[in-house]
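Chemist: Dropping a structure here in structure tokens format, bear with me for questions.
Values in this text are rule-based calculations from the coordinates and carry no lab data. What you see is a predicted model; the values in this text were computed from it and never measured. Positions of Cβ are generated from backbone atoms using ideal geometry, with glycine treated the same way; all protein chains shown enter the neighbour counts.
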Amino acid sequence: MKLIIFDMDGTLINSSFAITNTVNYVRNNLGLEKLEKNLILSKLNDPNINSAEFFYETKQFTQEQGKLFEEYYKIHCLSDLLVYDGIFDLLNNLKNDFLLTIATNANSLYAKKMLKHVKLDEYFSTIIGYDGVKNPKPHPEMVHKILDKHNIIKNNAQLVGDSHKDIIAATKAGIDSVLVNWGFSDHKEDAIETVSELQMMINKKFI
């Protein structure tokens, strides 16, 4: 069996509206100034920064921040969700020959809710969020968990994501990966620009 592990936010769906508004909701409640949408998105998956320090000016995420984030995101996570162009066609092309799964740093309950809302949930046999592991990406735990669950050897797996956290997780787990550039990041190199290129990359590895 061949396996593709997809990231969700910024890879399959554009959820930038809900994410950026939620971050600014937390900041507002902490007495911090609003951040620009593009700045939030550019730093969201940056493995080289302390995210808690950047977004909320604390050394680590606090219980209060988590509660504020959850209360807003729970209500607004479906706001203005868009499936990226070409994703439905890609998944339809893959579904008969590949096991399709998701590894996301979002909460799995919200991830499933969001995927169902945009009619993508039916394509994925496993959806793992940060609440399903001790260590989210860039740690490889999610990847290992999916490989073990479906008894897939590493050479038969590939991970697709829009951030270096995805690529680091795949590399640490010993599997191939593809970095895409239609999501929240603006990569200057080593990233593909279109879903048709992604299809070619998958074909190159497996066919």
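Chemist: Using alpha-carbon pairs under 8 Å, 6+ residues apart, how would you state the relative contact order of segment 16-76 in percent?
Modeler: Across segment 16-76, relative contact order equals 41 percent.
Chemist: Between residue 28 and residue 207, what is the label-to-label distance in nm when each label sits 7 Å out along the Cα-to-Cβ direction?
Modeler: Distance between label points: 4.8 nm.
Chemist: Between residue 64 and residue 187, 0.36 nm times their residue separation minus their Cα-Cα distance comes to what?
Modeler: Working it through step by step, the gained length comes to 41.0 nm.
Chemist: Can you tell me the FRET efficiency between residue 53 and residue 1 if r is taken as the Cβ-Cβ distance and R0 is 45 Å, rounded to the nearest 0.05?
Modeler: Here the calculated transfer efficiency is 0.60.
Chemist: Convert each backbone phi in segment 141-152 into a coupling constant with the Karplus relation 6.51 cos²θ - 1.76 cosθ + 1.60 (shift: θ = phi - 60°), then list the ³J(HN,Hα) values in order as whole Hz, x for Gly and Pro.
Modeler: Each residue of segment 141-152 in turn: 4, 4, 5, 4, 5, 5, 4, 5, 4, 9, 6, 9 Hz.
Chemist: Residue 112: which lysines have alpha carbons under 22 Å from its alpha carbon, excluding same-chain residues fewer than 8 sequence positions away?
Modeler: 67, 74, 95, 134, 137, 145, 149, 165
Chemist: Using r as the Cβ-Cβ distance of residue 155 and residue 35, and R0 as 41 Å, what FRET efficiency do you calculate, to the nearest 0.05?
Modeler: Taking R0 as 41 Å, the efficiency between residue 155 and residue 35 is 0.50.
Chemist: Would you calculate a helix-derived [θ] at 222 nm for the chain, using -39,500 (n - 2.57) for each DSSP H run of n ≥ 4 and dividing by the full residue count, to the nearest 500?
Modeler: So the helix-based figure for the chain works out to -13000 deg cm²/dmol.
Chemist: Now for a separate question. Between the alpha-carbon centers of segment 1-39 and segment 153-204, tell me the distance in whole angstrom.
Modeler: 19
Chemist: Order of 11, 171 from fewest to most other C-beta atoms within 10 Å?
Modeler: 171, 11
Chemist: Might you report the magnitude of the Cβ-based charge dipole of segment 16-76 about its Cα centre, with Lys and Arg at +1 and Asp and Glu at -1, to the nearest 20 debye?
Modeler: 100
Chemist: Name the shape class, rounded, prolate or oblate, that the alpha-carbon gyration tensor gives for segment 68-107, where a ≥ b ≥ c are the square roots of its eigenvalues, rounded holds for a/c under 1.5, and otherwise prolate holds if a/b is larger than b/c and oblate otherwise.
Modeler: Oblate.
Chemist: Also: Taking the DSSP beta bridges in the chain as the whole, what percent of them are antiparallel, to the nearest 5?
Modeler: The antiparallel proportion sits near 10 percent.
Chemist: Placing +1 at every Lys and Arg Cβ and -1 at every Asp and Glu Cβ, with all other atoms neutral, what dipole size does the chain have around its Cα centre, in debye to the nearest 20?
Modeler: Computed charge dipole of the chain: roughly 580 debye.
Chemist: Please give the contour-minus-distance gain from residue 196 to residue 171: 0.36 nm per residue of separation, less the Cα-Cα distance, rounded to one decimal in nm.
Modeler: My answer for the length gained is 6.7 nm.
Chemist: Then there's this: Counting pairs of alpha carbon atoms under 8 Å apart in space and at least six apart in sequence, what relative contact order in percent does the chain give?
Modeler: RCO, the chain: 27 percent.
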